[in-house]
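Everything below concerns the one structure shown next.
A short reminder: the numbers here are calculations on the coordinates, not readings from a lab. All values derive from a computational prediction rather than experimental measurement. Reconstructed Cβ throughout: ideal geometry from the backbone, glycine too, with neighbour counts over all protein chains shown.
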Amino acid sequence: MSKWLPGVTSISYGGDYNPEQWPEETWAEDIELMRQAGVNLVSIGIFSWAMLEPRPGQYDFGWMDRLFALLHGAGIRVSLGTPTASPPAWFFHQHPEARVVTRDGTVLGFGSRGMASPSSPAYREASVSIARALARRYGNHPALALWHVHNEYGAPVSECYSDDSVRAFRRWLQERYGSLDALNRAWGTAFWGQRYGEWEQVSAPAASASVVNPAQRLDFARFTSDALLQCFIAERDAIRAECPGVPITTNFMAGSCPAVDLWKWAGEVDVVANDHYLDAADPCNHVGLALSADLTRSIAGGRPWILMEHSTSAVNWQPRNVAKRPGELARNALTHLGRGADAVMFFQWRASRAGAEKFHSAMLPHAGTRSRVWREVRDLGENLARLDEVVGSEVRAEVAILWDWESFWAQDLEWRPSVDVSHRERINAFYDRLWRDGITVDFAHPESDLTAYKLVVAPASYLLTKRAASNIRRYVEGGGTFVMSYFSAIVDEHDAVHPGGYGAPLRDVLGLTVEELLPLRAGEQVRLSGGVTSDVWSEDIALEGAEVLATFEDGPAAGKPAITRHGSAYYVAARLGVEDLTSVLRPAYDDAGIVPSATPEGVEVMMRRSADNDYLIVVNHTDRPVDLPVTGTDLLTASTSGSKLEAGGVRVCSGSGQAMR
Ligand code: GLA
């Protein structure tokens, strides 16, 4: 049982705090209200560069000194931001070359945030300097708990096509390939006469007349993730040199920011931190929330993780910013907690009066303390304070879904067989089915050790290396159950089709080959045996040992296999809806010895375990009371848990073991 923050034994609770937007008289009220809400950790300084360094090299730490003193006096710990997501106006005035250039050549101006090129030497130097200055000033402050470097690397922009970026990309390629010949081979530059004769001719894949070389674009996506990571590492190392011992993190956006390969990033942070915002357009958005939390836990790889940001109610940046319903704030927070989070933080403490985010909800809304949101914030603080013993406990999963950012980057490029095929849509569909079946899911890189899982699902794993295929083969040979969906194992790490054809690296495992891809027309539906329909996709499969579980009854693949099984390896060539995915998952569960949970629909049950205890976290997403066949003590009310869970209610039961199964 490990704690993410040495010495901290309770769930951390709080949010981003931007007091520089308010007169200092307000700060005392903030601190008093934080006390009332049970806040014990706040993130400060995230966008304060212009206030901390008003002129190059001239620091003004006075206001932050006073803020530290106030917070410390109230026993509130500090997660100190480095303000490098938003360099001051003077920086861009001095270094116009450090501005981000987009793929179509637009140079992004000042007045927003996230607009510095990650490959600009001037930006790297200035960001490391301000990080070092903060570490020297506050590294020994007793209130300091955590370093929060930058903000959401990769958002709002990730790729940069400036001259500095092009030079850095070339250096990155030289390191990766060693020679131009190797680069020409890897990128397949014999196609359309793209062969390079000198390194100086190699550039970033800026907009061109038609589709740009996909291997070049894939490498540029890898380079972009690495360039951002180098920015983080440079700041982290400068801080660590001044302030060893205080953990350093940055806030990820697991599942919603495609630009950074978090498998690579996770090992570089001392604690994994995540930001998550609901998709207001999705009435079942709590499933997407669960996915993000499970992905974050998987990235953390068994270490504790923290929720750095979510919202108390509506955000301000979606087309229709739907407010959370009564109780949703607690349901969301406890789902993150149930899936492993040891901190519950929000953006932000007090709603901003001015600026682009004034319509974003906050812990202390514009309406003040006479508001539902405030009351729910205070209640949540009270509830979390009762959950000390949950801190550091673990979540275990028997099922993994494969997740690979490199595959997403490749698959999202242009000129694929169908615009309707989306890796993310398939992941969401399989996850949704598993969520409804009450099965906890980890996410795993295709080349990682899969032996701990009874079942591994590969939804639309377009880019699958030979190494990954060998890994999957070993897993299946070792007795694992494997389910793969269409448009998988199509290309290698250079976005080149595998020799032997689609799916060739797993041909022996799946007992089939895919002869031809047969995408459907927009809106076209096909029937499968067993009364199931599908759309978007079909394939011409030739069996090489697999047995047929379902057949296409019409459409371009009529009479051909749609769902197959070869030992414990399943393949599904059709886009099945969440309901119909049972036709492939039920037999796979049976094979793997996995029992779906019998919880009422819309009720989410999560389990955390420590050496001494089990904790069952139950969330009722429905608007009716449900039976709660759980025994044990409800930590939130300190009473024996009743048999009903009220509409929209939550429970954290201690010592309830497997009661719901
Ligand atoms: C992100 C950022 C925050 C804030 C919120 C608003 O997560 O990190 O600074 O802009 O979005 O939802």
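Ranking Ser12, Ala504, Phe430 by Cα position along the charge dipole of the chain, where only Lys, Arg, Asp and Glu carry charges on their C-beta atoms, puts Ser12 farthest toward the positive end. Arranged from fewest to most other beta-carbon atoms within 10 Å of their beta carbon, Ile76, Ile472 become Ile76, Ile472.
Here's how it looks for Ser162: its modeled amide H is under 5 Å from those of Val101, which are all 5 or more places away or on a different chain. Look at Glu24, Glu200 and count the other Cβ atoms within 10 Å of each Cβ; fewest to most, that gives Glu200, Glu24. Ranked by how many other Cβ atoms sit within 10 Å of their own Cβ, fewest first, the residues Met363, Met34 fall in the order Met34, Met363. The relative contact order of segment 399-592, computed from alpha carbon pairs under 8 Å that lie at least 6 residues apart in sequence, is 19 percent.
Taking the Cα centre of the chain as origin and charging only Cβ (+1 Lys, Arg; -1 Asp, Glu), how large is the dipole, in debye to the nearest 20? My answer is approximately 960 debye. The HN-Hα couplings worked out from phi for segment 582-598 by the Karplus form 6.51 cos²θ - 1.76 cosθ + 1.60 (θ = phi - 60°) are 4, 5, 9, 7, 4, x, 5, 4, 4, 4, 7, x, 9, 10, x, 7, 9 Hz, whole numbers, x standing for Gly and Pro. Under 5 Å from the amide H of Leu528 lie the amide H atoms of Thr533, Ser534, Glu553, each residue being 5 or more positions distant or on a separate chain, with H modelled from the backbone and absent for Pro and chain starts. When only alpha carbons are used to place a centre, segment 602-643 and segment 359-414 end up 18 Å from one another.
With 31 Å as the limit on Cα-Cα distance, the pairs of Lys3/Lys264; Lys466/Lys560; Lys358/Lys644; Lys3/Lys644 that go past it are Lys358/Lys644; Lys3/Lys644.
Mean sequence separation of contacting Cα pairs (under 8 Å, at least six apart), scaled by the length of the chain, corresponds to a relative contact order of 11 percent. Placing +1 on the Cβ of every Lys and Arg and -1 on the Cβ of every Asp and Glu, with no other charges, gives segment 603-654 a dipole of roughly 20 debye about its Cα centre. Short-range pairs are left out: with C-alpha atoms under 8 Å and at least six residues apart, the relative contact order of segment 242-397 is 19 percent. For Asp275, the residues whose modelled amide H falls within less than 5 Å of its own, excluding neighbours fewer than 5 places apart on the same chain, are Phe252, Met253, Ala254, Met308, Glu309. Computing FRET efficiency as 1/(1 + (r/R0)^6) for Tyr196 and Thr102, where r is the C-beta to C-beta distance and R0 is 25 Å, gives about 0.55. Each Lys and Arg Cβ is given +1 and each Asp and Glu Cβ -1; about its Cα centre, segment 163-214 then shows a dipole of about 160 debye.
Summing Lys and Arg as +1 and Asp and Glu as -1 over all other residues whose Cβ lies under 15 Å from the Cβ of Val419 gives a net charge of -1. Phi angles of segment 222-233 translate, via the Karplus equation with coefficients 6.51, -1.76, 1.60 and θ = phi - 60°, into HN-Hα couplings of 4, 4, 4, 4, 5, 5, 5, 5, 4, 4, 4, 4 Hz per residue; Gly and Pro are given as x. Extension gain, Thr633-Val322: 0.36 nm per intervening residue step, less the Cα-Cα distance, totals 108.5 nm. Report, in whole Å, the centroid distance computed from the Cα atoms of segment 443-499 and segment 536-555. First find each Cα centre; the distance between them is then 20 Å. A simple rule links phi to the HN-Hα coupling: the Karplus curve 6.51 cos²θ - 1.76 cosθ + 1.60 with θ = phi - 60°, which for segment 566-580 gives 9, x, 9, 10, 10, 9, 10, 9, 10, 8, 8, x, 4, 5, 6 Hz, with x for Gly and Pro.
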